[in-house]
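These notes are about the structure you will find just below.
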Amino acid sequence: MLAYNFMQIGLYGGFGPVLSGLLKTQWNIDLDWWACALIAWAVIGVLGVLSIEFSGIVLGVLLGAEVIIALIFSVVELAPARWPRRRSGGGSSPPRSVRCCWRCCWRCCWRRCWS
């Protein structure tokens, strides 16, 4: 139990600076890291006191949002990009393995690039 509580305190210490930086860069809200950590602690405390059904709904919504965001990132990363033929900084094309994967099917790509 003691180890769990110390882990939780450490997570607040990690969450505070990340949320503070996000608020500063995205919405220009200057909030100290410890204030963000206290807000997170208060929200988690309130959810812990409320009914388990409500906390389960909140966790389900957050999990659904996480899955949707992960799917969006996956689609964006796997979508073929238009590589410029010439750039003024050096390289003109992606690595051979990336070109291969975008020009042929996965089986062909596996055979040609990684075997």
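Quick note: the coordinates plus some simple rules give every number you see, no bench work behind them. Note that the structure is a prediction, hence the values are computed from the model and not measured. Note: ideal-geometry Cβ built from the backbone for every residue, glycine included; neighbour counts use all protein chains shown.
Shown is the FRET efficiency for SER55 and THR25, computed with R0 = 30 Å from the Cβ-Cβ distance and rounded to the nearest 0.05: 0.50. As a proxy for reagent exposure, SER55, SER74 were ordered by neighbouring Cβ count within 10 angstrom, fewest first; the result is SER74, SER55. Going by a ≥ b ≥ c, the root eigenvalues of the Cα gyration tensor, does region 7-53 fall in the rounded group (a/c under 1.5), the prolate group (a/b larger than b/c) or the oblate group? Note, shape of region 7-53 comes out prolate.
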